[in-house]
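Student: First, the structure itself, so that you have it in front of you.
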Amino acid sequence: MLKKQMESYISKSVIENKIELFKEEKDYVEKHKLLAEDIIIAEKENASRFTDAYMERSNKESEELISEENSAFLSQPIEYLKKNKDEFLYFESRWFELIGVEALSLEVDDVFGTYNAMFGLKFQKKMGDVLKTYLTKELQEGIGSFSLMFNQGEGLWDVNFALDNIKGFQEGMSLEEAFHLIYHFIFNLVQTIEDDM
């Protein structure tokens, strides 16, 4: 899936033998030799990745919309979610769609107090053991580190993991840095699973 998505993205993005890619995509494209040798790659700055993302703040209990936000909201510290425990942040981005993620949300867990990322991941049911193995290995096996369940109706995996357990997480990071960390983590997860298939 990732390879097909990347090939499609490349076909739309190469202009005059040049393409701009973020680090994850650049490394992937080079590793899998998806570009002709005469194409020049320019690496884009991470700060521009989520400028066109769609975000909503909603009430956890009622799921009622509090406010739609623009990319300026991402400069808020992640602690915003601890100070507003009754809210969750719903996040959509074409970059998450590229790696097979649907409907990402971020909130603070009421029981463990961890920052939890929840999303649907487009992988077949048979990939369950590989997903569990990867998440167990990478999430430092902390308390409430992850849950994983196949959603038969949607045909995807419902994934929930504690961001606190990802290498590189810091309580002082901004929401933008948190979404970059989540993206990097999921990109590596998807790439690792596809490389093992």
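The values are calculated or read from the model by the stated rules, or taken from the named source; none is laboratory data. Keep in mind that this is a model prediction, so the values were computed, not measured. With ideal geometry, Cβ positions are generated from the backbone for all residues, glycine too; neighbour counts draw on all protein chains shown. Protein only, heavy atoms only, side chains kept; ligands, DNA and RNA dropped before computing areas. Shrake-Rupley method; radii C 1.70, N 1.55, O 1.52, S 1.80 Å.
Student: Any chance you could count how many residues in the stretch 171-190 are open to solvent by less than 30 Å² (accessible area, probe 1.4 Å) and either of a type in the set (Lys, Arg) or part of a helix (DSSP H, G or I) (or both)?
Tutor: The first filter runs over the stretch 171-190 and keeps only residues open to solvent by less than 30 Å² (accessible area, probe 1.4 Å), leaving 173-175, 178-183, 185-187, 189-190.
Filter once more, so that each one left must be either of a type in the set (Lys, Arg) or part of a helix (DSSP H, G or I) (or both): 175, 178-183, 185-187, 189-190.
So the count comes out to 12.
Student: Evaluate the following for Glu56: is it among the acidic types (Asp, Glu), modelled with pLDDT of 95 or more and in contact with a helix residue (DSSP H, G or I) (Cβ under 8 Å, 6 or more places away or on another chain)? Walk me through how you get there before you give the answer.
Tutor: Working: among the acidic types (Asp, Glu): yes; modelled with pLDDT of 95 or more: yes; in contact with a helix residue (DSSP H, G or I) (Cβ under 8 Å, 6 or more places away or on another chain): no.
In short, no.
Student: A further question follows. Whether any residue in the stretch 29-44 is open to solvent by less than 90 Å² (accessible area, probe 1.4 Å), assigned to a helix (DSSP H, G or I) and in contact with a helix residue (DSSP H, G or I) (Cβ under 6 Å, 6 or more places away or on another chain) is what I want to check.
Tutor: Within the stretch 29-44 (the criterion being open to solvent by less than 90 Å² (accessible area, probe 1.4 Å), assigned to a helix (DSSP H, G or I) and in contact with a helix residue (DSSP H, G or I) (Cβ under 6 Å, 6 or more places away or on another chain)), the answer is no, since none of the residues qualifies.
Student: Of all the residues that make up the stretch 68-92, how many are acidic (Asp, Glu), open to solvent by 80 Å² or more (accessible area, probe 1.4 Å) and farther than 23 Å from Gly113 by Cβ?
Tutor: Of the residues in the stretch 68-92, 1 are acidic (Asp, Glu), open to solvent by 80 Å² or more (accessible area, probe 1.4 Å) and farther than 23 Å from Gly113 by Cβ.
Student: Okay, next question. Determine which member of the set Leu163, Leu135, Leu156 is farther than 22 Å from Ser93 by Cα and among the hydrophobic types (A, V, I, L, M, F, W, C). Give the derivation first.
Tutor: Working: Leu163 fails: farther than 22 Å from Ser93 by Cα; Leu156 fails: farther than 22 Å from Ser93 by Cα.
Of Leu163, Leu135, Leu156, the one residue that is farther than 22 Å from Ser93 by Cα and among the hydrophobic types (A, V, I, L, M, F, W, C) is Leu135.
Student: I'd like to verify a number: residues in the stretch 149-197 that are farther than 23 Å from Lys126 by Cα, at pLDDT below 95 and among the small types (Gly, Ala, Ser), how many?
Tutor: Summing the residues that are farther than 23 Å from Lys126 by Cα, at pLDDT below 95 and among the small types (Gly, Ala, Ser) in the stretch 149-197 gives 3.
Student: Looking only at residues in the stretch 45-67 that are acidic (Asp, Glu), within 26 Å of Phe185 (Cα to Cα) and open to solvent by 80 Å² or more (accessible area, probe 1.4 Å), which one is nearest to the chain's Cα centre (by Cα)?
Tutor: Here the residue is Asp52.
Student: Are there any pairs, at least 6 apart or on different chains, whose C-beta atoms fall under 7 Å, with the first in the stretch 147-161 and under 23 Å from Tyr115 (Cα atoms) and the second acidic (Asp, Glu), and if so, which?
Tutor: Short answer, once both residue conditions are applied: Met149/Asp158; Asn151/Asp158; Leu156/Glu102.
Student: May I pose another question? Give me the residue from the stretch 33-76 that is out of contact with any Asp or Glu (no Cβ under 8 Å at 6 or more places or on another chain) and β-branched (Val, Ile, Thr) and, out of that set, nearest to Ser174 (Cα to Cα).
Tutor: Top of the filtered list is Thr51.
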